[in-house]
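These notes are about the structure you will find just below.
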Amino acid sequence: MKFGGTSVGSAERIKNVASLIVGRGQNIVVLSAMSGTTNTLVEISDYLRHRNVNGAKEVINSLEKKYQKTISLLFTDVDYRMEADEEIRGIFSHLRSLCRESFNEEDEKEILAQGEMMSTTLMYLYLHQQGVNAGFLPALDFMRTNENCEADSEYIRERLEALMEENPGAELYVTQGYICRNCNGKVDNLQRGGSDLTASLIGAAVVASEIEIWTDIDGMHNNDPRYVENTSPVAELHFDEAAELAYFGAKILHPACVLPAKVNNIPVRLLNTMEPAARGTLIHNTDRSRTIKAVAAKDGIIAIKIKSSRMLLASVFMHRVFEIFDNYRKPIDMIATSEVGVTVTVDSHLKLEHILDELKEIGTVKVDEDMAIICVVGDLHWRNCGFEAAALDALRDIPVRMVSYGGSDCNISFLVSAADKVAALRALQERLFPAG
């Protein structure tokens, strides 16, 4: 059971989560940092990168006051309040010890790990105050990545089993999301949203019956509720559909967390901490129904069109284009090709200048920035007549730069100007999911 930062963002919400997890049998509870904490830790790191030690310490002092208030509201038992205060003070003392002008990347990773350390400490002690037999599983003792920065699944499984055996009668085990150690044993993290991946990796390691991802929204919606009215939760998704939606902009789920659950055939359920009775979304490996499920959008897209300026064989030209992207380890979202040209999209400027320089050696290059990918997901097998036509019809008044269809059985994607994104999302909602 994974709970995000908003779910544990205050003393009241920690109490609420505790009420949700107690009495449901033996479970492992994965917690993110309290909402706002990671951003504050990033701010501290930023001060230290600029060698402003005093500025960093001022932010630390302010953050500590927030936690002292949380402790006073959370613990009624004097002994547990004193223990929580001592543990949290120790973490803030460690943060201050990292405030030095010789600050480096390893120090930053250490600082960013402290948010999860604090949220799990508070939850663990609060559960004990409530008489719950809870065990503590320090993520840094079992969560590890390998030389390729990928999860070391076998190590995770072996270490997790050993740690759980130290307290086999526990009703609940509490652990941190997001944080890990790398192959060198240094403190590292699984990037933003990595708590979902932590939960999925743990679920796979212990062969869980189900993985629950608790957030502040009642499941994955059929469109982006920030821009579109009358969206609704999708009751069920295939893992492939969920992966497409997560990758192309559905923020409720971290894209990387889908694979460990999928390959181990462990259902994932998305639930709402604020409305625990809501059905949410169930993600599993069952056959997809013949329906369109949802729409998502990915911002910050750059389209690159490369046209061969030499009489290269098509295969040679294509090989060189994709070799350049591969050499810079630059992922591509969409591709459209012709005999003498290819258009691809990427989602960041990282290394882009060098990539464009090399592409200009083999052809003429045109770049379109400020674009967005609109992704329509569902059972889009080519034999299901009419689905792609419905999506295209919805966008009849929207200029479409590029279409990708056929690379996946569950996705058709459209590249549009960022200025047209909201209009495209609303048009698709009206055409594909008309209000009942």
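The values are calculated or read from the model by the stated rules, or taken from the named source; none is laboratory data. Keep in mind the model is a prediction, meaning the values are calculated, not measured. Positions of Cβ are backbone-derived with ideal geometry, glycine not excepted, and every protein chain shown enters the neighbour counts. Remember, those area values only see protein heavy atoms, side chains included, never the ligands or the DNA or RNA. Shrake-Rupley method; radii C 1.70, N 1.55, O 1.52, S 1.80 Å.
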In nm, the gap between the two label points placed 7 Å beyond Cα toward Cβ at THR291 and VAL400 is 2.3
1/(1 + (r/R0)^6) with r = Cβ-Cβ of LYS251 and SER153, R0 = 22 Å, i.e. FRET efficiency to nearest 0.05, evaluates to 0.30
Dimensionless Rg/Rh of segment 114-163, both radii on Cα and Rh by Kirkwood, sits at 1.09
Listed by chain and number, the aspartates and glutamates with an alpha carbon less than 13 angstrom from that of LYS351, same-chain partners under 8 positions apart left out, are ASP326
The rounded separation in angstrom of the Cα centers of segment 1-21 and segment 415-431 is 35
Normalised per residue, the volume inside the convex hull of the alpha-carbon atoms of segment 2-106 in Å³ amounts to 113
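Kyte-Doolittle mean at least -1.0 and Cα extent at least 15 Å along the axis: which DSSP H helices of the chain qualify? Kindly include the intermediate steps, with their values, before the conclusion.
On the way: long enough: 11-21 (16 Å, 0.40); 37-49 (18 Å, -0.22); 53-74 (31 Å, -0.30); 78-97 (28 Å, -0.70); 114-129 (22 Å, -0.11); 153-165 (18 Å, -0.72); 194-205 (16 Å, 0.91); 314-327 (20 Å, 0.43); 421-432 (16 Å, 0.09).
In the chain, the long hydrophobic H runs are 11-21, 37-49, 53-74, 78-97, 114-129, 153-165, 194-205, 314-327, 421-432.
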Here, GLN68 and VAL340, labelled 7 Å along Cα→Cβ, have an inter-label distance in nm of 7.3
Expected sort for 123-131, 347-355 on mean C-beta neighbours within 10 Å, highest first, is 123-131, 347-355
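Given a 1.4 Å probe and every protein chain left where it sits, what share in percent of the accessible area of segment 59-140 is carbon and sulfur? Mind showing how you got there, number by number?
Values: 1720 of 3710 Å².
After summing per-atom areas, the C and S share lands at 46 percent.
Figure the gain on full extension for ASP299 and GLU43 (residue separation times 0.36 nm, minus the Cα-Cα span) and round it to one decimal in nm.
Details: separation 256, 0.36 × 256 = 92.16 nm, distance 2.44 nm.
Taking ASP299 through GLU43 to full extension adds about 89.7 nm, to one decimal.
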Here the averaged projected area of the chain, based on the convex hull of its alpha-carbon atoms and given in nm², is 23.5
For the pair GLU353 and ASP77, the simple spin-label estimate (label points 7 Å beyond Cα toward Cβ) gives in nm 5.9
Cα pairs beyond 15 Å in segment 62-124, in percent, come to 51
Using alpha carbon centers only, segment 43-94 is separated from segment 300-368 by a whole-angstrom value of 48
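For segment 158-229, state which trypsin sites (Lys or Arg not before Pro) are in a DSSP loop and have at most 14 other beta carbons lying within 10 Å of their beta carbon. If you can, show how the numbers build up before the last one.
Numbers: sites: ARG159, ARG181, LYS186, ARG192, ARG226; in loops: LYS186, ARG192, ARG226.
Loop-located and lightly packed - LYS186, ARG192, ARG226.
Counting other C-beta atoms within 10 Å, and keeping those with at most 12, which DSSP coil GluC sites (Glu not before Pro) do you find in segment 116-163? Spell out each step's value before the answer.
Working: sites: GLU116, GLU147, GLU150, GLU154, GLU158, GLU161; in loops: GLU147, GLU150.
Answer in residue order: GLU147, GLU150.
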1/(1 + (r/R0)^6) with r = Cβ-Cβ of SER315 and ASP368, R0 = 25 Å, i.e. FRET efficiency to nearest 0.05, evaluates to 0.45
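Write down the accessible area per residue of the chain in Å², having rolled a 1.4 Å probe over the full set of protein chains.
47
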XL table LYS2/LYS186; LYS15/LYS251; LYS2/LYS69; LYS262/LYS366; Cα-Cα > 28 Å flagged, in table order, is LYS262/LYS366
